[in-house]
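We did not get these values from a lab; they are worked out from the coordinates using the rules stated. Computed from a predicted structure; not experimentally measured. Note that each Cβ is placed from the backbone with ideal geometry, even for glycine, and that neighbours are counted across all protein chains shown.
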Amino acid sequence: MPTSRYERAARSAGYRTIAGLDEAGRGALFGPVFAAAVVLDPARQIRGLDDSKELEPERRDVLAERIRERAAAWAVGSADAFEIDRINILEASRLAMQRAVARLGVVCDYLLLDAIRIDSNLPQKPLIGGDGLCFSIAAASILAKTERDRALVKWDAVFPEYGLARNKGYGTRDHLEALDRDGPTSLHRYSFEPVRNASRRTVWTGYPRSISVSPQGELFACL
């Protein structure tokens, strides 16, 4: 179960505005990856914080509301499917976290993250399995998960064939069957193999290696 151990250690080291960060949707086939940043208020405890994956949806929703009410600051960021395909899912997850930190409205001086680092000059402590160890990372995981789930329910109304409200964009059997039957939408992640294989269109993979670094002269020679 998460504790306040890591926040207390950071405060003992002289840091005052400590943000926990986590992402949701990294393994999904559809839509953005979401991330949240949360600065908890030590004077306003939130009981029951845990890794979002360990919580029932109804419990996550209750805790998400308490986090929004009691946290000193919180924010959500995302990186869309086009960014994921361009820079890869790991870098897109980092980008979503950076955007969440930038939107906090307070200046942080220390970051606690689930396993990875982001491009920031701020002191950072990545924790393997951090959403199950650290209160502020757990809070971030809950906000990221609930915000992304809410978005997928809305997209389900736009793309009802894929069961997004149920599977939240992950590669479940019904989602894979819909991809085989109907092909992917414009918001699927084409850099993910199941989506790419289901596409009825040629997916751009870059210039062939046989083409020189500056092929424009050949391409436009007829003009």
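Please report, to one decimal in angstroms, the Kirkwood hydrodynamic radius of region 79-190 built from all distinct Cα-Cα pairs.
15.8
Nearest 10 degrees is fine. How inclined is helix 135-158 to the longest principal axis of the chain, computing both from alpha carbons?
With both axes taken from Cα atoms, the answer is about 40 degrees.
Calculate how steeply helix 57-70 sits against the longest principal axis of the alpha-carbon atoms of the chain, using the helix alpha-carbon long axis, and give the answer as 0 to 90 degrees to the nearest 10.
For 57-70 against the chain, the angle is about 60 degrees.
Using every pair of alpha-carbon atoms in the chain, split the distances into 5 Å bins beginning at 0 and state the percent of pairs per bin, rounded to integers.
Pair shares across the bins are 1, 7, 14, 16, 16, 13, 10, 8, 6, 4, 2, 1, 1, 0, 0.
Taking every pair of alpha-carbon atoms in region 157-198, what share in percent sits in each 5 Å bin, from 0 to the bin with the longest distance?
For region 157-198, the pair-distance distribution reads 5, 27, 40, 24, 5.
Report the FRET efficiency, 1/(1 + (r/R0)^6), for K154 and R47, where r is their Cβ-Cβ distance and R0 is 22 Å, rounded to 0.05.
Working: r = 30 Å, r/R0 = 1.37.
Given R0 = 22 Å and the Cβ-Cβ separation, E is 0.15.
Based on the mean of other beta carbon atoms within 10 Å per residue, what is the order of 81-92, 34-45, 140-151, most packed first?
The densest-packed peptide leads the list: 140-151, 34-45, 81-92.
Could you work out the percent of alpha carbon pairs in region 16-127 separated by over 26 Å, rounded to a whole number?
Of the Cα pairs, 17 percent sit more than 26 Å apart.
How long, wide and thick is region 42-83, going by the Cα atoms along their three principal axes, in whole angstroms, largest first?
40, 25, 14
Could you work out the pair-distance distribution P(r) of region 123-165 from its alpha-carbon pairs, with 10 angstrom bin width and percents rounded to whole numbers?
27, 32, 23, 16, 1
What fraction of the DSSP beta bridges in the chain is antiparallel, stated in percent and rounded to the nearest 5?
Antiparallel: roughly 60 percent of the beta bridges in the chain.
What residues from region 120-159 fall in the zone where the backbone N is under 20 Å from a label point 7 Å along the Cα-to-C-beta line of L90?
What the label zone holds, given the 20 Å backbone N cut-off, is 120-121, 124-131.
Which value does Rg/Rh take for region 1-66 over its C-alpha atoms, Rh per Kirkwood?
Dividing the radius of gyration by the Kirkwood radius yields 1.01.
So how far, in whole Å, is the C-alpha centre of region 25-42 from the one of region 65-140?
7
Compute the long axis of helix 89-102 from its Cα atoms, compare it with the longest principal axis of the Cα atoms of the chain, and write down the angle in degrees, 0 to 90, nearest 10.
Taking the Cα atoms of the chain, the angle to 89-102 is about 50 degrees.
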